[in-house]
Amino acid sequence: MTATDAQRNASEAGLTSALQPQAVLDAAAILKGAANRTPVLTSRELDRAVGAQVFCKAEHLQRVGAFKFRGAYHALSRLSSEERARGVLTWSSGNHAAAVALAGRLLGVRTTVVMPDSALPIKRAAVLGYGAELVCCPAAERENVGRRIAAQRDLAVIPPYDHDHVIAGQGTAALELMQEIEPLDLLLAPVGGGGLLAGTALAAGLKDTRSRPRVIGVEPAIADDAARSLRDGRIVTLDHVPDTIADGLRTRFVGERNFAVMRERVHDIVTVSEEEIVLALRWLWVRMKQVVEPSGAVALAGVMAGKVDVAGKRVGVVLSGGNADPAAVARLIG
């Protein structure tokens, strides 16, 4: 799909029945017993530093080390028996790739994963360890290569974020957070392609919780396509793959379905610098003893850098993943 096609389709897209808050509850029922119910972490020192109560949803402790398992397992579980027999393909820089590979192994579905040449070795190793076939290509070509292989082999495609069942599955992380910690005033999630943010926004719209928090997305300033898209009311496409340390957020544009949800349910998207991501990452590793990857620290960076007014509020933050290269993180935070 070209960027122009994505923009046109997004402008025409409305929210389907699969992209309503109820879809998150339906996904939670399917994921029960399959996905980890990850803990909520707090830090008195963090609260004092930002002047708020901060509740961190520890999705770096999820299966495959990221929230991505939720959407991948939910999407694969919804496939027909005929689709499962044909096999599944996806493309991803790492966490979704590993999530699809593990979900496929658990559900008995053959999986093929297209990853960029620049993907972290730890993430490539996870995909192979879960038994998927791995295809590597330049980062900018991964979707085109993936769709071509899927067409040649007649494989079902589970994209990393622009998919109804993926979005609903990702929203279960925020649902669990709101069920455990109520009420919340703000709910922050990182945004790359938009699956987690859209799912979070759907979960925040559920009427059977006490919380009706404002939903804020956070992304790297050098990968600010989502912030610009929300501001302009259309999908804005970057002309290059952004070279942010948050490798899981190196997307050039948000998905159509994701943007449709974001326009209706996300209150704002703020950006953080690479230095601000590193400061949040250092706090998580050194002060809270949590192995979180740079992408997973982005939402907390928005709080710590003062990009959102959190004073006196109860704030939920999704720590989205923990598949970090320890040596690389040591260089960043050292």
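The values are calculated or read from the model by the stated rules, or taken from the named source; none is laboratory data. Quick caveat: nothing in here was measured; it's all calculated off a predicted structure. In this analysis, Cβ positions are derived from the backbone assuming ideal geometry, glycine residues included, and neighbour counts consider all displayed protein chains. The accessibility values were calculated without ligands, DNA or RNA, using every heavy atom of the protein model including side chains. Shrake-Rupley method; radii C 1.70, N 1.55, O 1.52, S 1.80 Å.
A few points about this structure:
- Out of Val157, Val166, one residue alone is in contact with a His (Cβ under 9 Å, 6 or more places away or on another chain) and either surrounded by fewer than 24 Cβ atoms within 10 Å (Cβ to Cβ) or over 17 Å from Ser320 (Cβ atoms) (or both). It is Val157.
- Segment 185-208 residues that are touching a residue at least 40 places away in the same chain (Cβ under 8 Å) and closer than 19 Å to Cys56 by Cα, paired with ones that are open to solvent by 10 Å² or more (accessible area, probe 1.4 Å) and of a type in the set (D, E, K, R) (beta carbon under 6 Å, 6 or more apart): Asp185/Lys313; Asp185/Arg314; Leu186/Arg214; Leu186/Lys313; Ala201/Arg265
Residue by residue, here is whether (1) at pLDDT 95 or above; (2) under 30 Å from Leu238 (Cβ atoms) holds:
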| position | (1), (2) |
| --- | --- |
| Arg8 | no, yes |
| Thr16 | no, yes |
| Ala23 | yes, yes |
| Ala29 | yes, no |
| Ala35 | yes, no |
| Ser43 | yes, no |
| Gly71 | yes, yes |
| Gly87 | yes, no |
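- Within segment 32-60, the set of residues being part of a helix (DSSP H, G or I) and surrounded by 14 or more Cβ atoms within 10 Å (Cβ to Cβ) comprises Leu46, Asp47, Ala49, Val50, Glu59, His60.
- Qualifying residues in segment 313-326 (those that are open to solvent by 50 Å² or more (accessible area, probe 1.4 Å) and not in a loop (DSSP other than H, G, I, E, B)) - the one nearest to Val292 (Cα to Cα): Pro326
- So Leu106, is it open to solvent by 50 Å² or more (accessible area, probe 1.4 Å), more than 21 Å from Asn144 (Cβ to Cβ), modelled with pLDDT of 95 or more and of a type outside the set (Phe, Trp, Tyr): yes
- Selection status of Ser93, open to solvent by 60 Å² or more (accessible area, probe 1.4 Å) and assigned to a loop (DSSP other than H, G, I, E, B): no
- Residue, farthest from Asn258 (Cα to Cα), within segment 151-176, restricted to residues that are within 11 Å of the chain's Cα centre (by Cα) and among the β-branched types (Val, Ile, Thr): Val166
- For segment 298-312, taking the residues that are part of a loop (DSSP other than H, G, I, E, B) and open to solvent by 60 Å² or more (accessible area, probe 1.4 Å), the one that is nearest to Ser273 (Cα to Cα) is identified as Lys307.
- Just one residue in the set Leu202, Leu187 is closer than 23 Å to Ala52 by Cα, surrounded by 24 or more Cβ atoms within 10 Å (Cβ to Cβ) and among the hydrophobic types (A, V, I, L, M, F, W, C); that residue is Leu187.
- Consider segment 212-229 and keep the residues that are without any contact (Cβ under 8 Å) to a residue 40 or more places away in the chain and surrounded by fewer than 21 Cβ atoms within 10 Å (Cβ to Cβ). The one that is nearest to the chain's Cα centre (by Cα) is Arg228.
- When Arg287, Arg282, Arg250, Arg257 are screened for being modelled with pLDDT of 95 or more, under 15 Å from the mean Cα position of the chain (by Cα), open to solvent by 50 Å² or more (accessible area, probe 1.4 Å) and not aromatic (Phe, Trp, Tyr), only Arg257 passes.
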